[in-house]
Amino acid sequence: MLLEVKNIDVYYGMVQVLWGISFNVEKGELVTIVGSNGAGKTRTLLTIAGMKKPRSGRIIFNGKEINGLQPHQVAKKGISLVPEGRRLFPNLTVKENLLMGAYIKKAREKRDETLKEVFELFPRLEERKNQVARTLSGGEAQMLAIARGLMSRPLLLMLDEPSLGLAPKLVSEVFRSIEKLKKVGTTILLVEQNVAKGLEIADRGYVLENGRIVLQGEGKELLVNEKVRKAYLAI
Amino acid sequence: MFVSLNLLLQNIANGLLIGCVYALVAMGLALQFGVMNVINFAHGEFVMLAMYITFFLSFSLGIPGELTLLFTFPIYFVFGYVVYKLVIDKVIDAPAVSQIGITIGLLILLQNLALAAWKAEPKAVQSTFLTGKINLGSVVVPVSRLVTAVVSVVVLFLLNWVLNKTYFGVSVRATSDDMRAAALMGVNVRRMYAVVFGLGCSIIAIAAAFIMTFQQVNPLAGLTWGLLSWVIVAMGGLGGVTGVLASGLILGVAEGLEITFWDPRASTAIIYLIFILVLWFKPKGLFGRR
Ligand SMILES: Nc1ncnc2c1ncn2[C@@H]1O[C@H](COP(=O)(O)OP(=O)(O)OP(=O)(O)O)[C@@H](O)[C@H]1O
Ligand SMILES: [Mg+2]
């Protein structure tokens, strides 16, 4: 098991926002967590990334406890978070943003090689490599955010709603890129409000509701699940 | 009022030369403020202390003031690093009032220490290689001031190069843009802050070593340097190195004009006046970004 989250409770100040969350991701898998606004998806990923501390529970990555580590230490372990809202470095160029993605030592050595691979995956970024990130279109910015996340050659890539705020055509493009990444062996933990698309490409999925995991199963299985169809697919 | 053209040219030349070192001193602050958004009211006192250390080393080692840089540059890096860890780090996420309060405390502390250690009468370095004058037509330029200005500009552009062309520079700018995103990339943000704070202080040390070749230092000298630096940061600090240099030159020349047409003792008032004017008409600075 690459990532094991065991029974974590997370609070926002006095308010509990995650309740005994447990899930896991195996090497090479694409796991999707779906849920509506405020379900706690972002909070879950931030907790794994070390941005928030769980009050109890364990997070085990690659056989080691990572609960309690600082974000930069988690990054070193091989986890890459493509955060909600992308969080690009607005005044840096596309290329500089990508180079920052390869900040950890292990990635720095293979920086030029990885850059080449990433440009093959997202040719548009190569065309724009000297453009300042804040001037990118929404779709390009999302591509850059994912590409930057790949630059560290992560063992686990976590994507927080990569389709948010994009036009339908671009949404499909983003999901196609994610599938491509999966094909080349990247392990992915995807968080999505777009339940249909998120589960369609997933090996396995979890449904998060009000800070609790209420359903889990194979992606295709969940897609035809009665409850999921009623609550999220409006069928 | 009758003013000779000579005097005017001389004062403008003086202003341009001193403006370069104003910019260098302010660059230390601009770097720190730009990257970690911390409000440091003790910046001027850091300059004052560096000037004293220059005096002290020059005196006790018997070396020219400008050569003390070999020691003060690394000493001041460590000084900045430690001050960050002991003081600034504790208020880095705190509201502005706490940062102002704690750094004003630092200001008073350093002033008092300087007063206790070196008494109130001004100190000057006894030896420097930078003696003599150069005549440019009717304008007379002391070598010490000329070299100081040249060094200041060179250091500013060196820093510019580091920030724009090296990987360290990219990571500094990235942290400045979005420290949380930088942390996700693996940047140890707190350590980066300490390093940048140290670097800002090293820049002060360079400036101080050269300022002492033509100026004296007293325990209150920091106040003007602090004010100057904040005015420059407000005017051009976020426009990068060129913004800072231009702002430094503007202040230097403004002072020169003030001295020409009015009373030299009011030159600090002019700096303050410019500060007010900038806040009124260009609250985002003359070379704004952000
Ligand atoms: N700044 C905040 N103050 C108070 N509560 C917050 C804050 N940020 C998040 N929360 C609460 O934490 C819970 C989980 O939020 P989270 O951002 O993880 O949801 P999400 O599933 O990512 O939602 P979305 O799809 O809208 O991004 C929500 O109930 C939210 O109201
Ligand atoms: Mg979210």
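Worth pointing out:
- Of residues in the range A:53-76 being within 8 Å of another protein chain (Cβ to nearest Cβ) and open to solvent by 30 Å² or more (accessible area, probe 1.4 Å), the one farthest from ligand 1 (Cβ to nearest atom): A:76
- Taken residue by residue, the range B:44-53 has at least one member that is touching a residue at least 24 places away in the same chain (Cβ under 8 Å), open to solvent by less than 20 Å² (accessible area, probe 1.4 Å), touching a strand residue (DSSP E or B) at 6+ places or on another chain (Cβ under 8 Å) and over 23 Å from residue B:271 (Cα atoms).
- Residue, farthest from ligand 1 (Cβ to nearest atom), within the range A:13-43, restricted to residues that are modelled with pLDDT of 95 or more and of a type in the set (Ser, Thr, Tyr): A:22
- Residue that is among the β-branched types (Val, Ile, Thr), surrounded by 21 or more Cβ atoms within 10 Å (Cβ to Cβ), over 20 Å from residue B:183 (Cα atoms) and in contact with a Phe, Trp or Tyr (Cβ under 7 Å, 6 or more places away or on another chain), where the choices are A:33, A:79: A:33
- Taking the conditions (1) buried (at least 23 other Cβ atoms within 10 Å of the Cβ); (2) within 16 Å of ligand 2 (Cβ to nearest atom) in turn, residue A:10 satisfies each one other than (1).
- The strands (runs of 3 or more DSSP E) found wholly in the range A:181-231 and carrying at least 3 residues that are within 16 Å of ligand 2 (Cβ to nearest atom) occupy A:188-192, A:204-209.
- Qualifying residue in the range A:137-148 (condition: within 22 Å of residue B:173 (Cβ to Cβ), within 14 Å of chain B (Cβ to nearest Cβ) and within 16 Å of ligand 2 (Cβ to nearest atom)): yes
- Residues that are more than 14 Å from residue B:163 (Cβ to Cβ), in a loop (DSSP other than H, G, I, E, B) and either within 7 Å of chain B (Cβ to nearest Cβ) or touching a residue at least 24 places away in the same chain (Cβ under 8 Å) (or both) within the range A:87-113 comprise A:87, A:88, A:90, A:102, A:103, A:104, A:110, listed in sequence order.
- Verdict on residue A:50 being more than 16 Å from ligand 1 (Cβ to nearest atom) and at positive phi: no
- Subset of the range A:153-170 [away from ligand 2 (no atom under 16 Å from the Cβ) and either part of a helix (DSSP H, G or I) or open to solvent by less than 10 Å² (accessible area, probe 1.4 Å) (or both)]: A:156, A:157, A:168, A:169, A:170
- When residue A:210 is tested against (1) more than 14 Å from every other protein chain (Cβ to nearest Cβ); (2) open to solvent by less than 50 Å² (accessible area, probe 1.4 Å); (3) within 16 Å of ligand 1 (Cβ to nearest atom), only condition (2) is not met.
- Restricted to the range A:175-193, and to residues there that are crowded, with 22+ Cβ neighbours inside 10 Å and within 16 Å of ligand 1 (Cβ to nearest atom), the residue that is modelled with the lowest pLDDT is A:192.
- Restricting attention to the range B:188-215, the residues that are within 13 Å of chain A (Cβ to nearest Cβ), touching a Ser or Thr at 6+ places or on another chain (Cβ under 6 Å) and outside any helix (DSSP H, G or I) add up to 0.
- Scan of the range A:17-65 for residues that are within 16 Å of ligand 2 (Cβ to nearest atom), charged (D, E, K, R) and touching a helix residue (DSSP H, G or I) at 6+ places or on another chain (Cβ under 8 Å), ordered by number: A:52
- Long-range neighbours under 9 Å by Cβ, at least six apart or interchain, first residue within 22 Å of residue A:139 (Cβ to Cβ) and more than 11 Å from chain B (Cβ to nearest Cβ) within the range A:150-162, second more than 16 Å from ligand 1 (Cβ to nearest atom) and small (Gly, Ala, Ser): A:150/A:80; A:150/A:101; A:157/A:80; A:157/A:149; A:159/A:149; A:162/A:177
- Answer from B:147, B:154, B:141 - the residue that is hydrophobic (A, V, I, L, M, F, W, C) and modelled with pLDDT under 95: B:141
- Here residue B:168 qualifies as closer than 23 Å to residue B:243 by Cβ and either open to solvent by 40 Å² or more (accessible area, probe 1.4 Å) or within 14 Å of chain A (Cβ to nearest Cβ) (or both).
Residue-wise test of (1) among the polar types (S, T, N, Q); (2) modelled with pLDDT of 95 or more; (3) more than 17 Å from the chain's Cα centre (by Cα); (4) surrounded by fewer than 22 Cβ atoms within 10 Å (Cβ to Cβ).
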| site | (1), (2), (3), (4) |
| --- | --- |
| B:186 | no, yes, yes, no |
| B:201 | no, yes, no, no |
| B:243 | no, no, no, no |
| B:247 | yes, no, no, no |
| B:274 | no, no, yes, yes |
| B:279 | no, no, yes, yes |
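- The residue that is nearest to the other protein chains (Cβ to nearest Cβ), among those in the range A:114-135 that are within 28 Å of residue B:239 (Cα to Cα) and not hydrophobic (A, V, I, L, M, F, W, C), is A:134.
- Of the criteria (1) assigned to a helix (DSSP H, G or I); (2) buried (at least 23 other Cβ atoms within 10 Å of the Cβ); (3) within 15 Å of ligand 1 (Cβ to nearest atom), which one residue A:5 fails: (1)
The values are calculated or read from the model by the stated rules, or taken from the named source; none is laboratory data. Worth saying up front: this structure is predicted, and the values here are computed from it rather than measured. FYI the Cβ positions are ideal-geometry reconstructions off the backbone, even for glycines, and counts take in every protein chain you see. For accessibility, only protein heavy atoms count, side chains too; no ligands or nucleic acids. Shrake-Rupley method; radii C 1.70, N 1.55, O 1.52, S 1.80 Å.
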